[in-house]
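The values are calculated or read from the model by the stated rules, or taken from the named source; none is laboratory data. Computed from a prediction, not measured in an experiment: that's the story for all the values here. Here the Cβ positions follow ideal geometry from the backbone for every residue, glycine too, while neighbour counts run over all protein chains shown.
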Amino acid sequence: MTVTAPRSVDIRRWRRYLADERAEAAVYRDLAARREGEERAILLALADAEGRHEAHWLALLGAHAARVPAVSLRTRILAFFARRFGSVFVLALAQRAESRSPYEGDADATAAMAADERIHGEVVRGLAARGRQRLAGSFRAAVFGANDGLVSNLALVLGIGATGVSTGTVLVTGLAGLLAGALSMGAGEFVSVRSQRELLAASTPDPHAHTALADLDVDANELALVYRARGIPVEEAEVRARAALARTSEGASARLTSAVAPDEHEAVGSAWGAAGSSFAFFASGAVIPVIPYLVGLSGPLAVLMAATLVGGALLLTGAVVGLLSGASPVKRALRQLAIGYGAAAATYLLGLAFGAAFV
């Protein structure tokens with residue numbers, strides 16, 4: 001029986017797959033080296049799965065596997081970030097990479113391999129979700145604060161500049177907008193976090209409530225109502241109540257707070273920390289449209305430079321949001337740019353209209 005030699009185009013494709021599988025396995029091992037416990041075990045299992053895929057392409061290539069090309073740019077970037085940072089950004093990139101696997105449409109890849117890649121995407125999505133949850137509060141403040149500063153101060157500077165006032169007036173207005181906006185953001189975040197902490201404190205169980213357990217009427221046990229009021233089902237509340245009373249009767253210390261404390265996801269950070277970060281993030285964004293006026297530019301050149309600098313910053317923040325969400329960084333960057341430029345263009349046109357009216 002004659003065995004048909006593989007075509008050169010197939011060999012090139014298989015070599016590319018082989019290189020990417022090896023690189024992705026290395027990424028997962030690098031990430032695992034920076035983690036412990038369950039996450040480490042999951043990442044090592046993913047690396048082993050990529051090793052099975054590597055074996056498949058090695059078998060198809062045979063002697064042709066001796067010359068494996070460089071891995072794709074996407075995989076090289078992923079490996080670089082994994083070695084340097086090992087952060088949620090890498091997991092988000094890995095999630096996107098797994099979701100774009102070409103195996104489903106490739107006849108030389110098995111159905112099991114295509115299914116593996118799909119499941120790998122969900123596994124990495126779950127791991128990335130943990131990091132996103134830990135990052136959510138600070139990331140939201142960073143993105144919201146920086147973008148608010150970028151867009152609002154660019155709109156303010158362009159709107160005032162379009163009225164025809166002097167460059168000095170535009171500069172002072174931009175700096176005033178930076179300071180006022182940053183202080184407003186900081187104060188708002190302080191009040192928000194402090195109010196949230198006070199609301200949570202009002203829902204925290206009384207730390208001394210356990211002292212009443214020894215005197216409760218065992219036959220008319222109202223302890224179960226405490227658990228039920230915290231959202232625990234009736235049957236489980238009764239079990240917990242009986243267990244708590246049993247420990248109390250045996251002389252053990254039964255703490256209600258540990259059993260019915262508010263969910264850990266409701267925890268909030270420091271009000272001063274939130275205020276300071278919001279102030280800093282807003283100011284870092286708001287200073288960018290003022291830079292051209294600080295260095296002495298004026299007129300259309302200053303407007304063009306401010307819009308260019310802010311556009312670059314909006315593209316960067318949009319791309320970061322896209323990477324972290326596992327979506328296309330290009331689409332998110334362009335969306336951020338369109339929104340920011342749209343707001344700035346509206347105020348610029350209004351400034352032109354008011355300037356013409358006053359002239």
Please go through segment 95-124 and pick out each residue that is under 16 Å from A23 (Cα atoms) and among the acidic types (D, E). E98, E117
Report, ordered by the first and then the second residue, all pairs with beta carbons closer than 7 Å, sequence separation of six or more or different chains, a first member in segment 170-188 that is closer than 19 Å to A275 by Cβ and buried (at least 19 other Cβ atoms within 10 Å of the Cβ), and a second member that is modelled with pLDDT of 95 or more and among the basic types (K, R). none
Criterion first (modelled with pLDDT of 90 or more, in a helix (DSSP H, G or I) and crowded, with 16+ Cβ neighbours inside 10 Å) does V143 satisfy it? no
Can you tell which of L297, L323 is on the phi < 0 side of the Ramachandran plot and out of contact with any Ser or Thr (no Cβ under 9 Å at 6 or more places or on another chain)? L323
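Quick one: in segment 28-53, which of the residues that are under 16 Å from D116 (Cβ atoms) and crowded, with 19+ Cβ neighbours inside 10 Å is farthest from the chain's Cα centre (by Cα)?
Restricting attention to segment 28-53, the residues satisfying the condition of being under 16 Å from D116 (Cβ atoms) are 28, 42-53.
Add one more test, that the residue is crowded, with 19+ Cβ neighbours inside 10 Å, and what stays is 28, 43, 46, 49-50, 53.
Values: Y28: 19, L43: 20, L46: 22, A49: 26, E50: 26, H53: 30 Å.
Among them, the one singled out is H53.
Okay, residues lined up against (1) at pLDDT below 80; (2) more than 23 Å from A107 (Cα to Cα); (3) assigned to a helix (DSSP H, G or I):
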site: D30; (1), (2), (3): no, yes, yes
site: L43; (1), (2), (3): no, yes, yes
site: E50; (1), (2), (3): no, no, yes
site: H53; (1), (2), (3): no, no, yes
site: L58; (1), (2), (3): no, no, yes
site: G62; (1), (2), (3): no, no, yes
site: V71; (1), (2), (3): yes, no, no
site: T75; (1), (2), (3): yes, no, yes
Only unsatisfied item for F190, checking (1) within 23 Å of G340 (Cβ to Cβ); (2) touching a Phe, Trp or Tyr at 6+ places or on another chain (Cβ under 8 Å); (3) at pLDDT 80 or above, is (1)
State which residue pairs qualify: first residue in contact (Cβ under 8 Å) with a residue 12 or more places away in the chain and closer than 18 Å to G121 by Cβ and inside segment 26-47, second residue of a type in the set (G, A, S) and not in a helix (DSSP H, G or I) in any location, beta carbons under 6 Å apart, and separation of 6 or more residues or different chains. L31/G86
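If you take the residues in segment 90-117 that are of a type in the set (A, V, I, L, M, F, W, C) and modelled with pLDDT of 85 or more, which one is surrounded by the fewest Cβ atoms within 10 Å (Cβ to Cβ)?
My answer is A107.
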